[in-house]
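Quick note: the coordinates plus some simple rules give every number you see, no bench work behind them. Computed from a predicted model, the values in this text were never measured in an experiment. Cβ coordinates were reconstructed from backbone atoms using ideal geometry, including for glycine residues, and neighbour counts include every protein chain displayed.
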Amino acid sequence: MIQIGTYQFDLNDPMVLLVLAGIGAALLLLILLVLVLRATGRTGRAIDPMAHHLQLLGQRVQSLSDGQQQLAGGLHHVSEAQATSQTKVLGLMEQRLAEVNRAMTESLHGTATRTARSLGDLHQRLEAIDKAQANIEKLSGNVLGLQDILSNKQTRGAFGEIQLHDIVQKALPSDAYTMQATLSNGKRADCLVHLPNPPGPIVIDSKFPLEAYEALRRAETQYELTEAQRMMRTAVRAHIKAISEKYILEGETADGALMFLPSEAVYAELHANFPELVRDGFAAKVWIVSPTTCMATLNTMRAVLKDARMREQAGAIRRELAALYGDVDRLGARVENLDRHFAQAAKDIGEIKISAEKAGKRARRLDNFDFEELAPEPAQPKIVNIEP
């Protein structure tokens, strides 16, 4: 950029470069001409042509000067037009940038609002997921703990006893059963329900062998499945036989017993795939019950106990009814006496009312009596008795 006075010329502009090249060429020619004149000063005949050439050169220089001025004016107009165009373009660009900035601001604000709302929803969902995860972990721990309990035979038996105790406690009154009752043969029953004769006290056993059922669930091949089913039949039949021999005592217990299964799945497995074991239980009078069916059975026992206790209390009820009849008879006699007293009192009250009415009438007559209308009575002579 070159500034001459108030004008600025861009060196990258071709017109400016052309003008500068012309001026440079003119100056170069002028210098060469001066050198030539000095070199040929001794030659007089060359002066006139050189003068003519100088005149022509001066004209060309003048023409170049005029062209330069015109070029300067054109460049000035071009510069003004370019400045005006740049101003308009800058204004349009500023306006467009302002619109774009406003649109971007609104868009960013809306996006930020939606993003904040989405983040809030996401935070709530994450909290819900965390809570669900905590519950799942807790349930997983409980399941693992239950598996540990069921994997050990002693702890599994204790678990079944606790579950049976909870069910019996909810279904029967506390004096209707005994946990860990010892029979006359020295065997200890998990629960003995004191039913009246018949059928008599009945035993509930909760020591069911789950090893065969667990092997049945773990079976992957047909051979393993067959072996597990064989173990299941053997274990259940042995358990039914043990209950029948240990807990069904003639003259002491009922002629049947209950085998409690602490799992509905095992109960369903037996009835679905091992119906012969259920029939074996019926034949041995050992009834297989699950937590649900055990509760139903105990509710039936509760009704039997209630009926038996009502029969036991029938004599007392009849005595109470006789005493109640005597009380009602005495109450009738006393009501009759009270009725006579009420009749006498009513009669006395009637007589009192009659006397009150008479006294009222006399009082009214005395109130209407006029003493001034009475004539004075004559004075009676006083008689004096003279005794001899």
Whole-angstrom Cα spans of the range 153-316 along principal axes, big to small: 67, 29, 27
For M231 and H194, compute 0.36 nm times the residue count separating them, minus their Cα-Cα distance, and round to one decimal in nm. 9.9 nm
Please give, to one decimal in nm, the separation of the simple spin-label points placed at H109 and A314, each 7 Å out from Cα toward the Cβ. 9.2 nm
What full-extension length gain, to one decimal in nm, is calculated for L30 and M295 as 0.36 nm per residue of separation minus the Cα-Cα distance? 82.2 nm
Sequence order, the range 356-364: Karplus ³J(HN,Hα) from phi using 6.51 cos²θ - 1.76 cosθ + 1.60, θ = phi - 60°, Hz rounded, Gly and Pro as x, gives 5, 5, 5, 4, x, 4, 4, 5, 5
Label-to-label distance, nm, for residues given as K187 and D329 (7 Å Cα→Cβ offset): 5.6 nm
If packing is taken as the average number of other Cβ atoms within 10 Å across a peptide's residues, how do 160-172, 254-266 rank, most packed first? 254-266, 160-172
Whose amide H sits under 5 Å from the amide H of Y177, counting only residues 5 or more places off or on another chain, with H placed in the peptide plane? H194
Counting only residues 5 or more places away or on other chains, whose amide H sits under 5 Å from the amide H of K285 once H atoms are built in the peptide plane? none
Skipping prolines and chain starts, which residues have an amide H placed within reach, meaning under 5 Å, of the one on S290, given they are 5 or more residues away or on another chain? L261
Between R279 and Q180, what FRET efficiency comes out of the Förster formula 1/(1 + (r/R0)^6) with R0 = 30 Å and r the beta carbon distance, rounded to 0.05? 0.50
Could you work out how much longer the chain between Q69 and D339 gets when fully extended? Use 0.36 nm per residue separation minus the Cα distance between them, nm to one decimal. 81.9 nm
